[in-house]
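> Pasting in a structure now, in structure tokens, and then I'll have a few things to ask.
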Amino acid sequence: MSGRELSLTVPPERDGQTVERVLRGELGLSKSLLGHLKWTPGAVRVNGAAARCGESVRAGDVLTVLLEERRRPSEAPALCELPLDIVYEDADLLVLNKPAGLPMHDRGGGPTLAGALRYHLGEDCSAHFVNRLDRGTSGLLIAAKSGYVHDRLRRALHTSALEREYRALCHGMPEPPEGTVTLPIGPAEGRFYMRRVRPDGQSARTEYAVLERRADFCLLRLKPVTGRTHQLRVHMSALGCPLLGDMLYGAPEGDPIARPALHSYSLRFLHPLTGEALSFIVPLPEDVARLLRRETGSA
């Protein structure tokens with residue numbers, strides 16, 4: 001079990017409100033988390049004394065909340081001692097640079113990013129991924145160290161408070177070279193893992209732009225405005241420009257890269273507790289960068 005303690009001084013405009021209302025309004029606690037706090041002795045305190053969520057508080061009172069993390073043993077990922085490329089870490093979250101080929105989770109019991117993260121944080125600690133990357137996708141992602149921080153960041157996804165950009169190599173040249181794809185995405189019949197464009201699918205929006213052009217492929221900037229499964233891969237395939245190495249969505253066999261050439265390149269977000277603006281960029285991984293160098297004749 002691990003936890004995070006949050007404190008706040010009740011502002012004048014919250015005078016006379018209940019603990020629950022103050023927590024929801026000032027800290028953005030979800031209903032489910034508040035429900036957990038109500039049944040956890042000592043999790044909520046006012047001026048150092050245990051309090052109930054239905055009690056009223058006065059302006060100037062110090063309200064403290066202990067956010068404990070509990071995970072049943074059956075839910076914990078298997079520990080695996082793998083090196084992590086940690087771009088940023090503080091008491092509340094981490095930003096990781098995920099290598100291609102490593103799954104985030106794996107029901108088969110093999111090495112996972114979740115298991116490596118549990119090993120790094122400690123066996124009793126819990127982490128929650130905010131955004132997800134396919135096994136073959138590399139690059140930046142966020143892991144929250146508490147359910148509270150995870151909830152705050154998940155609500156910020158696809159808003160100006162949390163923006164992501166990807167880099168990708170695609171076959172051909174999309175026309176126009178810059179634009180927005182708004183094709184709905186849903187499951188592909190008979191293929192559990194695969195998605196396709198379909199009229200009855202979920203709305204999906206991707207912004208793209210060609211950054212560099214080569215003889216047979218392009219380097220793209222991709223921004224997912226929504227977050228559907230395989231969205232970037234499906235949308236580029238729908239434009240007739242599947243990603244290099246992405247045989248699931250139309251890349252030919254024999255591509256010079258053995259996985260979809262997709263990289264989570266940049267993250268910009270507001271820290272959910274401090275409000276600090278954080279920004280991170282990681283360069284293209286070697287397998288993608290090598291293809292660009294080869295096409296320009298660089299060593």
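The values are calculated or read from the model by the stated rules, or taken from the named source; none is laboratory data. What you see is a predicted model, and the numbers here were worked out from it, not measured in a lab. Glycine also receives a Cβ, built like all others from the backbone with ideal geometry; neighbour counts cover every protein chain displayed.
> Inspect segment 99-114 for any residue being of a type outside the set (F, W, Y), within 22 Å of L153 (Cβ to Cβ), modelled with pLDDT of 85 or more and not in a loop (DSSP other than H, G, I, E, B) and give the result as yes or no.
The answer is yes; a qualifying residue exists.
> Can you tell me how many residues within segment 238-251 are among the hydroxyl-bearing types (S, T, Y) and in contact with a Cys (Cβ under 9 Å, 6 or more places away or on another chain)?
So the count comes out to 0.
> Go through segment 120-140 and give me each residue that's of a type in the set (S, T, N, Q) and closer than 30 Å to D246 by Cβ.
N131, T137, S138
> If you go through segment 55-81 one residue at a time, how many are modelled with pLDDT of 90 or more, in a loop (DSSP other than H, G, I, E, B) and either of a type in the set (K, R) or touching a helix residue (DSSP H, G or I) at 6+ places or on another chain (Cβ under 7 Å) (or both)?
Qualifying residue count for the region: 4.
So that you can scan it fast, the table gives a plain yes or no per residue for (1) farther than 28 Å from L27 by Cα; (2) among the aliphatic types (A, V, I, L, M):
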| position | (1), (2) |
| --- | --- |
| Y119 | yes, no |
| N131 | no, no |
| R135 | yes, no |
| I142 | no, yes |
| L157 | no, yes |
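> Among the residues of segment 11-38, which ones are assigned to a helix (DSSP H, G or I) and among the charged types (D, E, K, R)?
The answer is E13, R14, E20, R21, R24, E26, K31, K38.
> Restricting to segment 1-50, count the residues that are among the charged types (D, E, K, R), more than 17 Å from R152 (Cβ to Cβ) and under 24 Å from the mean Cα position of the chain (by Cα).
So the answer is 0.
> When you check R233 against the structure, is it assigned to a helix (DSSP H, G or I), modelled with pLDDT of 95 or more and in contact with a helix residue (DSSP H, G or I) (Cβ under 8 Å, 6 or more places away or on another chain), yes or no?
yes
> I'm told R221 meets every condition in (1) of a type in the set (D, E, K, R); (2) buried (at least 16 other Cβ atoms within 10 Å of the Cβ); (3) within 30 Å of K145 (Cβ to Cβ) except one. Can you identify the failing condition by its number?
(3)
> Among the residues of segment 123-180, what is the count of those that are assigned to a strand (DSSP E or B) and closer than 22 Å to H230 by Cα?
Of the residues in segment 123-180, 23 are assigned to a strand (DSSP E or B) and closer than 22 Å to H230 by Cα.
> Sticking with this one: Please indicate, with yes or no, whether at least one residue in segment 198-206 is under 20 Å from the mean Cα position of the chain (by Cα), farther than 23 Å from L284 by Cβ, assigned to a loop (DSSP other than H, G, I, E, B) and of a type in the set (D, E, K, R).
yes
Each row is one residue, and each column tells you yes or no for (1) touching a residue at least 60 places away in the same chain (Cβ under 8 Å); (2) hydrophobic (A, V, I, L, M, F, W, C).
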site: R195; (1), (2): no, no
site: R198; (1), (2): no, no
site: A204; (1), (2): no, yes
site: E207; (1), (2): no, no
site: V210; (1), (2): no, yes
site: T226; (1), (2): yes, no
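> Exactly one condition in (1) modelled with pLDDT of 90 or more; (2) surrounded by fewer than 17 Cβ atoms within 10 Å (Cβ to Cβ); (3) part of a loop (DSSP other than H, G, I, E, B) is false for Y88; which is it?
(3)
> Right, here's the next one. If T182 meets every condition in (1) closer than 30 Å to H271 by Cα; (2) touching a Leu at 6+ places or on another chain (Cβ under 7 Å) apart from one, which number is that one?
(2)
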